[in-house]
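**Student:** Handing you this structure, nothing more for now.
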Amino acid sequence: MMAALIKISDVSKKYNITKRTLRFYEEIGLLKSIKDEASHARYYDEEGINRLEQILLLRNIKLTMNEISRVLLADNGRQLSHILLSRLDEIENKIYELKYSKSIIQSVLKMSEDIGISNVNIYQFLREQILLHSTDERMISMEKSYKGDTVRLEFGTGIIPYINTIGQENFIDLFKGMRKKLELELKKGIPLIRLVDNEGLDEFQIRISVKDNVLIDTKLQAISDEDKLKEMVHYLEGIVRANIDEIS
């Protein structure tokens, strides 16, 4: 019988895992070994090896030990499906985080190419990005020489009091909703959209540019502040739709 068993030391070497870790798996009930009373050596049978491989495979896709325990101890396919879907959401978020960091670095490099690295206040730029990270879009004041964005919506200061009333996050949510809708509908990624309050514009004037080309320069209608915001989103959505091949 013992010939069919594998020593814990051999398992440790074969799977490149420490004996301490194997004992930990046993302590939390995920793994069982067989003890030879005569030699006091510990062995794993075929069932134990299969369970160890399951643990290692689940660890390889970055499941936590708590999640692995829930999956293996419950022995329930639905539990695994639920955990994998949750992990997929986390991975998607991490991918977004990495893409966001990449876009910031690219913006800084583009700025340095356009105006020279010595003219770029990199730390202020990064500080503003970090503070506004959760908004998806950027709404920051910066020199006109900045050309890091593809799509840019500028608006006069008449809209600011209402933004302050509803909160910047709610204001940004309007554009995030538009972005999500278009990405699902057009099946294309929408670039970062820069939202800028421009004191140089008339009170309710808006200006939308794509790659520095002004495509809309108009004044919002004499309607409620809430409808002015919706109108801004409407104009921007039309520009994105019309230029999707150029900006995606």
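**Student:** Can you name the condition, by its number, that TYR25 falls short on among (1) open to solvent by less than 30 Å² (accessible area, probe 1.4 Å); (2) closer than 30 Å to ARG194 by Cα; (3) not small (Gly, Ala, Ser)?
**Tutor:** (2)
**Student:** Something else: Looking at (1) within 22 Å of SER69 (Cβ to Cβ); (2) assigned to a loop (DSSP other than H, G, I, E, B), which is the only condition LEU22 fails?
**Tutor:** Result: LEU22 fails condition (2) only.
**Student:** Next question. Applying the selection to the stretch 69-94, what residues are open to solvent by 70 Å² or more (accessible area, probe 1.4 Å) and closer than 19 Å to ILE28 by Cα?
**Tutor:** Answer for the stretch 69-94, where residues must be open to solvent by 70 Å² or more (accessible area, probe 1.4 Å) and closer than 19 Å to ILE28 by Cα: ARG70, LEU73, ASP75.
**Student:** If you don't mind, there's one more thing I want to ask. For the list (1) outside any helix (DSSP H, G or I); (2) open to solvent by 50 Å² or more (accessible area, probe 1.4 Å); (3) within 30 Å of LYS94 (Cβ to Cβ), I need the number of the one condition that LEU31 fails.
**Tutor:** Going through (1) outside any helix (DSSP H, G or I); (2) open to solvent by 50 Å² or more (accessible area, probe 1.4 Å); (3) within 30 Å of LYS94 (Cβ to Cβ) one by one, LEU31 breaks only (2).
**Student:** List the residue pairs whose Cβ atoms are under 6 Å apart, where the first residue sits in the stretch 179-207 and is within 23 Å of GLN106 (Cβ to Cβ) and in contact (Cβ under 8 Å) with a residue 12 or more places away in the chain, the second is basic (Lys, Arg) and surrounded by 19 or more Cβ atoms within 10 Å (Cβ to Cβ), and the two are 6 or more positions apart or on different chains.
**Tutor:** Every condition considered, the pairs that remain are ILE190/ARG179; ARG194/ARG138; ARG194/ARG152.
**Student:** Additional query: For the stretch 34-46, which positions are among the acidic types (Asp, Glu), modelled with pLDDT of 90 or more and surrounded by 11 or more Cβ atoms within 10 Å (Cβ to Cβ)?
**Tutor:** ASP45
**Student:** Any idea which of (1) among the acidic types (Asp, Glu); (2) open to solvent by less than 50 Å² (accessible area, probe 1.4 Å); (3) in contact with a Phe, Trp or Tyr (Cβ under 7 Å, 6 or more places away or on another chain) is the one ASP225 doesn't satisfy?
**Tutor:** The failed condition is (2).
**Student:** For the stretch 2-18, what are the residues that are exposed (fewer than 14 other Cβ atoms within 10 Å of the Cβ) and free of Cβ contacts under 8 Å to residues at least 24 places away in the same chain?
**Tutor:** Matches in the stretch 2-18: ALA3, SER9, ASP10, LYS13, LYS14, ASN16, THR18.
**Student:** Right, next: Looking only at the stretch 89-103, decide whether some residue is modelled with pLDDT of 85 or more, among the basic types (Lys, Arg) and assigned to a helix (DSSP H, G or I).
**Tutor:** No, the stretch 89-103 has no match at all.
**Student:** Which residues, taken from the stretch 143-189, are modelled with pLDDT under 85 and in a loop (DSSP other than H, G, I, E, B)?
**Tutor:** Hits for the stretch 143-189 are GLU143, LYS144, SER145, TYR146, LYS147, GLY148, ASP149, THR150, GLY167, LYS188, GLY189.
**Student:** Moving to a separate point now. Identify all residues within the stretch 92-104 that are β-branched (Val, Ile, Thr) and under 8 Å from the mean Cα position of the chain (by Cα); write none if there are none.
**Tutor:** Answer for the stretch 92-104, where residues must be β-branched (Val, Ile, Thr) and under 8 Å from the mean Cα position of the chain (by Cα): just ILE95.
The values are calculated or read from the model by the stated rules, or taken from the named source; none is laboratory data. On a predicted model such as this, the values are computed, not experimentally measured, just so you know. Cβ sites come from the backbone with ideal geometry, for glycine too, and all protein chains shown count toward neighbours. The protein model used for the area step is the full one, side chains on, heavy atoms only, and it has no ligands, DNA or RNA in it. Shrake-Rupley method; radii C 1.70, N 1.55, O 1.52, S 1.80 Å.
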